[in-house]
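Presented below is the structure to which this report refers.
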Amino acid sequence: MNPSERSGVRPGMAPFWAALAACALILFWVANGASVFEGDQRDAWHHYEYLVDGFLKGQTSLSVEPAPELLRLRDPYDSTQNGPWRLWDASLYHGKYYLYFGPTPVLLMLPWRVVTGHHLPERLAVAAFAAGGLAGLALLMAGVRRRHFPGVGPLAAGAILFAAMCASWLPVTIRRPDVWELPLVAACACLWWGLYFLWRCLGSEAGARW
């Protein structure tokens, strides 16, 4: 078995991989449409950027500090009082803001910040996780097609991949790449790659490596 067959990338599959590239471009185009909303620094477009800065400072809290007016309230958790100063869906605890959605997106955004010196906007991080996860799904589909459905042509496989992208609801989800959508899409990407690794593990002589 040659390396191309082991990886699932076989000659004649160019239309299938072209479909993957087209899907990735669509995902980035959709997510980038949210750039017009990023001017509000107190809304939910920058939470993971604040978490990246917090990690770089050696803390698990966000880098943005709660407003003094919020902390002076008798009950800073009272939604009838904290409206002007609260940070959407961040947890206030001992005078610090925390996220409760998990740090997985930071695995991509923190190295980007260190290498480039600039933040990777949440909208592009969402698109990157969506496209990367779809690549894992494409490899899984290519392997399943090769083993069980060899009669399915590359064009048909590409159409199936496009349908899978739409059925996953990714193009809809990433239209608003806020703090909520980013960890959800990251989880989806991890799931697809996990399924691909499981497929390789169960179907390969050296499966334990996968």
*Under 5 Å between amide H atoms, partner at least 5 residues away or on a different chain: which partners does TYR97 have, H built in plane at 1.01 Å?*
LEU62
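Between the DSSP loop rule and a limit of at most 15 other Cβ atoms within 10 Å, which trypsin sites (Lys or Arg not before Pro) in the range 42-139 are left? It would help to have the intermediate numbers written out before the result.
Details: sites: ARG42, LYS57, ARG72, ARG74, ARG86, LYS96, ARG113, ARG123; in loops: ARG42, LYS57, ARG72, ARG74, ARG86.
Filter output for the range 42-139: ARG42, LYS57, ARG72, ARG74.
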*Accessible area of the chain belonging to carbon and sulfur atoms, whole % at 1.4 Å probe*: 65 percent
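Which is the longest run of the chain containing none of the GluC sites (Glu not before Pro) found in DSSP loop states (not H, G, I, E, B) with at most 15 other C-beta atoms within 10 Å? The partial results should precede the final answer.
Numbers: sites that count: GLU38, GLU205.
Longest gap between qualifying sites, sites excluded: 39-204.
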*Which one, (i) 19.2; (ii) 18.7; (iii) 18.0, gives Kirkwood radius over Cα pairs in Å as derived from the coordinates shown?*
(i)
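Dipole magnitude of the range 12-133 about its Cα centre, charges +1 at Lys/Arg Cβ and -1 at Asp/Glu Cβ only, in debye to the nearest 20?
Working: 8 positive and 11 negative charges, 42 e Å.
So the magnitude is around 200 debye.
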_Backbone HN-Hα couplings from phi across the range 17-32 [Karplus 6.51/-1.76/1.60, Hz, Gly and Pro as x]_ = 6, 5, 5, 4, 4, 5, 4, 4, 4, 4, 5, 5, 5, 5, 5, 5
*Calculate the spin-label point distance for ALA67 paired with ALA206, positioning each point 7 Å from the Cα along the beta-carbon direction, and give it in nanometres.*
5.8 nm
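The values are calculated or read from the model by the stated rules, or taken from the named source; none is laboratory data. This structure is a prediction, so every number in the text was calculated from the model and none was measured. Every residue, glycine among them, receives a Cβ derived from its backbone with ideal geometry; neighbour counts consider all protein chains shown. These area figures cover heavy atoms from the full protein model, side chains too; ligands, DNA and RNA do not enter into them. Shrake-Rupley method; radii C 1.70, N 1.55, O 1.52, S 1.80 Å.
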